[in-house]
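Participant: Handing you this structure, nothing more for now.
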């Protein structure tokens, strides 16, 4: 069977390479920054003030802000042009050189003599950041911006990413220039400190963090459940931002995709210290824009974006996620098919730490939007989601001799790559009763086309005191229907 078209593709091991192969054209517009890390040991305090004396032995500089987003996009396989402004100084020359080395078209990076280049310099002593000092240029009109924008938009890109961090590149005239060219921007993704400023552009997607959501709404997202609060505010967020889809990024709480007429989709992040999160938002935006530019579903794009962010938070300093990095991250997430004994030990460890275990099962042969929404909803019932997959012989008995389309290992790789799934296990029987008896999960979740009385697993779950949860049902989302459509087209 041929590959699933990108407009229906789930997150899978081959997806990063397929997206790179499609080589979408993306224009990045916004604030280019030079990120520098000055590191060295510290053995004493200063006599002038109670501060450490750092003996700098290495300085490492990387593109930051819009420049980092552009560099990430290029590393992920996109054809990228950046429209920005830097100063006529060493920092500006360094930014342009680093971008050119990364494969970014810098012909739209304007050089201004009336301002410095935006820069952030961090002083790190023995792995601890002790100070940061920034160069913040004024926001003022940039000569030649309209021409640079028109040149970058020639031929019309698949997507345009706006990175507006109030660092000098985007004044009101620049906003008006983009609004006036809205029909030439392709998919418009806006990452901005002041999201409402871009409402006239009617973005396809905006990516505010918690603080930017608070600015947009005029109130913070209340703790402890910021995800639920973001979901409740979805209509207001879309109205105030002018965007059809809002992706709220919440650091260690992952992100939540709020699209019209679709269930909210949450991603789960790899927790990381704040010192390791520099640039993760740029990588998230780049992964999201790449996937959307290639036409993948929004939920798949959000999962890919989260995987890209997870790559860079595992590294020190400002980092870039490449296609091979992303493929390795997705592969590492999806490869682990646990044995029942291994899973029992893992679940016991989770339970000892007070985590609530959710269990669900199915064939998950050709993963579609209904599956993804269902698993996302199941994860929200607890802390750890275990997915049990019918083995190939079991699928054949349940679905017919021509199924499964995909063998167990491939199905496990796709399901395990989703950020909401923690563990995957296979079972050869027609029902997972034996696994339920051994694992005793707190919640057994099934799709909304069932009732508890219809499930042969319900007596087992009830006997040990567990809960059976029936999740929402998305009509017209069927693997069998998808297979029939593919065969009919073939």
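Bear in mind that the values in this text are calculations on the coordinates, not laboratory data. Note that this is a predicted model, so its numbers are computed, not measured. Cβ placement follows ideal geometry from the backbone for every residue including glycine, while neighbour counts extend to all protein chains displayed.
Participant: By how many nm would the segment from residue 454 to residue 171 lengthen if fully extended, with 0.36 nm per residue of separation less the alpha-carbon distance?
Facilitator: Fully extending the segment from residue 454 to residue 171 adds 95.8 nm.
Participant: From the Cα gyration tensor of the stretch 303-376, with a ≥ b ≥ c the square roots of its eigenvalues, which class applies: rounded if a/c is under 1.5, or else prolate if a/b is larger than b/c, or else oblate?
Facilitator: oblate
Participant: Something else: Quick one: if the Förster radius is 25 Å, what FRET efficiency do residue 146 and residue 114 give, using the C-beta to C-beta distance and rounding to 0.05? Please report the intermediate quantities before stating the final value.
Facilitator: Details: r = 18 Å, r/R0 = 0.72.
Result of the calculation: an efficiency of 0.90.
Participant: Let me ask something else about it. Using a 7 Å offset from the Cα along the Cα-to-Cβ direction at both residue 467 and residue 438, what is the distance between the two label points in nm, to one decimal?
Facilitator: Between residue 467 and residue 438, the simple spin-label model gives 2.6 nm.
Participant: Next question, about the same structure. How far, in degrees from 0 to 90, does helix 298-313 lean away from the longest principal axis of the Cα atoms of the chain, to the nearest 10?
Facilitator: Tilt relative to the chain: about 60 degrees.
Participant: A follow-up question, please. Treat the chain as a sphere of radius equal to its Kirkwood radius over Cα pairs and apply Stokes-Einstein at 37 °C in a medium of 0.692 mPa s; give the translational diffusion coefficient in µm²/s, rounded to a whole number. Don't skip to the answer; put the middle values down first.
Facilitator: Working: Rh = 24.0 Å.
Rounded to a whole number, D works out at 137 µm²/s.
Participant: Roughly how compact is the stretch 123-187, stated as its Cα Rg over 2.2 N^0.38 Å to two decimals? Could the numbers behind the result be given before it?
Facilitator: Details: Rg = 16.7 Å, N = 65, 2.2 N^0.38 = 10.7 Å.
Rounded to two decimals, the normalised Rg is 1.56.
Participant: Okay, next question. Ranked by Cβ crowding within 10 angstrom, fewest neighbours first, how are 420, 321 ordered?
Facilitator: Neighbour counts put them in this order, fewest first: 420, 321.
Participant: Can you tell me, using C-alpha contacts under 8 Å and at least 6 residues apart, the relative contact order of the stretch 252-361 as a whole percent?
Facilitator: 21 percent.
Participant: Let me ask something else about it. Once you order the gyration tensor axes a ≥ b ≥ c over the Cα atoms, which shape class does the stretch 310-424 get: rounded for a/c under 1.5, otherwise prolate or oblate by comparing a/b with b/c?
Facilitator: Judged from the Cα gyration tensor, the stretch 310-424 comes out oblate (a/c at least 1.5, b/c at or above a/b).
Participant: With axes computed from alpha carbons, what is the tilt in degrees of helix 90-102 against the longest principal axis of the chain, rounded to the nearest 10 within 0 to 90?
Facilitator: 40
Participant: Which of 359, 364 comes first, and how do the rest follow, when ranked by fewest Cβ neighbours within 10 Å?
Facilitator: Working: 359 29, 364 26.
The most exposed by this proxy come first: 364, 359.
Participant: While we're looking at this one, here's another question. For 333, 42, which order do you get if you count the other beta carbons within 10 Å of each Cβ and list the fewest first?
Facilitator: In increasing order of surrounding Cβ atoms, one gets 42, 333.
Participant: Hey, another quick one. Between residue 214 and residue 383, what length in nm is gained on full extension when 0.36 nm per residue of separation is reduced by their alpha carbon distance?
Facilitator: Extra length from residue 214 to residue 383 when fully extended: 58.2 nm.
Participant: Note down, for the stretch 335-489, the three equivalent ellipsoid semi-axes (square root of 5 times each alpha carbon gyration tensor eigenvalue), biggest first, whole angstrom. Each step should come with its number before you reach the end.
Facilitator: Details: eigenvalues 123, 55, 46 Å².
In descending order the semi-axes read 25, 17, 15 Å.
Participant: Can you give the three extents of the C-alpha atoms in the stretch 154-247 along their principal axes, from longest to shortest, in whole Å?
Facilitator: That gives 46, 25, 16 Å along the principal axes, largest extent first.
Participant: Where does the chain land at 222 nm, in deg cm²/dmol rounded to the nearest 500, when only DSSP H runs of n ≥ 4 count, each adding -39500 (n - 2.57), divided by all residues?
Facilitator: -11000 deg cm²/dmol
Participant: So, one more: Could you please tell me the mean projected area of the C-alpha convex hull for the stretch 391-465, averaged over all directions and given in square nanometres to one decimal?
Facilitator: 5.7
Participant: Here is a follow-up. So what's the angle, to the nearest 10 degrees on a 0 to 90 scale, between helix 323-334 and the longest Cα principal axis of the chain?
Facilitator: 30
Participant: While we're on this one: Please work out how much length the chain gains when fully extended from residue 239 to residue 348, using 0.36 nm per residue of separation minus the C-alpha to C-alpha distance, in nm with one decimal.
Facilitator: In short, 34.7 nm is gained.
Participant: What's the center-to-center distance, using Cα atoms, between the stretch 413-466 and the stretch 189-220 in Å?
Facilitator: If you average the Cα positions of each part, the centres end up 39 Å apart.
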